[in-house]
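A.B. asks: The structure is given below, and queries will be raised subsequently.
The values are calculated or read from the model by the stated rules, or taken from the named source; none is laboratory data. No experiment lies behind these values; they were computed from the predicted model shown. Every residue, glycine among them, receives a Cβ derived from its backbone with ideal geometry; neighbour counts consider all protein chains shown.
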Amino acid sequence: MTEGKPFSQACENNKQVILEKLAAQFSGFGTVLEIGSGTGQHAVHFARNLPQLTWQPSDHPRNYQLCESWLAEARLPNINKPLALDVSLNDWSLSPVDGVFSANTAHIMSWPEVKAMFRGVAVHLQQRGVFCLYGPFKYSGHFTSASNQQFDASLRQQNSTMGIRDMDELKKANRETGLVLASDFEMPANNRLLVWRKY
């Protein structure tokens, strides 16, 4: 085992329930871009259990190498080297992909970055491809739990640009991208898995 690997308990807690949903959404062959790979625990778990896919990890240029120790230890043939990806850039320098996955990113990005992420996904996603976005969300201005409301307050205290995003605003922002919400799955710990499809 590689010593000193970064570790996320949240990834360990949610990786299996997310995998069960992704297995249905990413049932075919192809390449899946992960935005915000973090430690790489999700990338390793999903690539190991979905061997028909090529998994492309990525993260902000400041953090994209964080996952390397997990990837090096796993030595899976269907995980590419991680990419440095700033979603706010117009040019992602990326080939078209068949799917996109991102977990717990929308609430730590600024709202302009969230919109830029959706625009970039829409550009690089193949027709009828899916974007699976995991995390906590609000509905019509209402939190789904008291703990999510407290979490939102703590995020905004750290940085006023962060916060749990509202589904109404996400849908509105996506009217210009061509991404349509196809499914909204309830997940443990007051999270959701949103499945956006490119038409």
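A.B. asks: Filter segment 163-194 for residues that are in contact with a Lys or Arg (Cβ under 9 Å, 6 or more places away or on another chain) and within 23 Å of Glu12 (Cβ to Cβ) and give the result.
C.D. replies: Ile164, Phe185, Glu186, Met187, Leu193
A.B. asks: Out of all the residues in segment 93-106, which are assigned to a loop (DSSP other than H, G, I, E, B) and buried (at least 18 other Cβ atoms within 10 Å of the Cβ)?
C.D. replies: Hits for segment 93-106 are Asn104, Thr105, Ala106.
A.B. asks: Okay, moving on. Inside segment 92-103, can you point out the residues that are more than 23 Å from Pro136 (Cα to Cα) and either in contact with a helix residue (DSSP H, G or I) (Cβ under 9 Å, 6 or more places away or on another chain) or of a type in the set (A, V, I, L, M, F, W, C) (or both)?
C.D. replies: Trp92, Leu94, Ser95, Pro96, Val97
A.B. asks: Output yes when any residue across segment 43-53 is surrounded by 14 or more Cβ atoms within 10 Å (Cβ to Cβ) and more than 21 Å from Leu19 (Cα to Cα), and no when none is.
C.D. replies: No, every residue in segment 43-53 fails to be surrounded by 14 or more Cβ atoms within 10 Å (Cβ to Cβ) and more than 21 Å from Leu19 (Cα to Cα).
A.B. asks: Is there any pair linking a residue in segment 87-100 that is more than 15 Å from Glu34 (Cβ to Cβ) to one that is modelled with pLDDT of 95 or more and in a loop (DSSP other than H, G, I, E, B), with Cβ under 9 Å and at least six apart or on different chains, and which?
C.D. replies: Within 9 Å, the pairs are Ser88/Met109; Ser88/Ser110; Ser93/Leu85.
A.B. asks: Pairs under 8 Å by beta carbon, first residue in contact (Cβ under 8 Å) with a residue 40 or more places away in the chain in segment 62-77, partner surrounded by fewer than 13 Cβ atoms within 10 Å (Cβ to Cβ) and among the hydroxyl-bearing types (Ser, Thr, Tyr), six or more apart or different chains?
C.D. replies: Ser69/Thr2; Trp70/Thr2; Ala72/Thr2; Glu73/Thr2
One line per residue, one yes/no per condition, for (1) under 13 Å from the mean Cα position of the chain (by Cα); (2) among the hydroxyl-bearing types (Ser, Thr, Tyr); (3) within 19 Å of Trp196 (Cα to Cα):
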residue: Gly36; (1), (2), (3): yes, no, yes
residue: Ala43; (1), (2), (3): yes, no, no
residue: Ala47; (1), (2), (3): no, no, no
residue: Leu50; (1), (2), (3): no, no, no
residue: Pro61; (1), (2), (3): no, no, no
residue: Trp70; (1), (2), (3): no, no, no
residue: Asp91; (1), (2), (3): no, no, no
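A.B. asks: OK, next. Give segment 153-196 a look and list any residue that's closer than 14 Å to Lys21 by Cβ and either hydroxyl-bearing (Ser, Thr, Tyr) or free of Cβ contacts under 8 Å to residues at least 60 places away in the same chain (or both), or say none.
C.D. replies: The answer is Ala182, Ser183, Asp184, Glu186, Arg192.
A.B. asks: When segment 9-42 is examined, which residues are found to be polar (S, T, N, Q), buried (at least 18 other Cβ atoms within 10 Å of the Cβ) and not in a helix (DSSP H, G or I)?
C.D. replies: Listed by number, the residues that qualify are Thr31, Ser37, Thr39.
A.B. asks: Which of the residues spanning segment 164-178 are among the acidic types (Asp, Glu), over 19 Å from Ala153 (Cβ atoms) and touching a strand residue (DSSP E or B) at 6+ places or on another chain (Cβ under 9 Å)?
C.D. replies: Asp168
A.B. asks: May I pose another question? Return yes when Asp98 is touching a Ser or Thr at 6+ places or on another chain (Cβ under 6 Å), under 21 Å from Leu179 (Cβ atoms) and acidic (Asp, Glu) and no when it is not.
C.D. replies: The answer is yes for Asp98.
A.B. asks: Here is a follow-up. Quick one: count up the residues across segment 143-199 that are closer than 13 Å to Lys115 by Cα and in a strand (DSSP E or B).
C.D. replies: Residues that pass the stated criteria total 3.
A.B. asks: Take Ser8 and tell me if it is farther than 22 Å from Asn190 by Cα, without any contact (Cβ under 8 Å) to a residue 40 or more places away in the chain and of a type in the set (Gly, Ala, Ser).
C.D. replies: no
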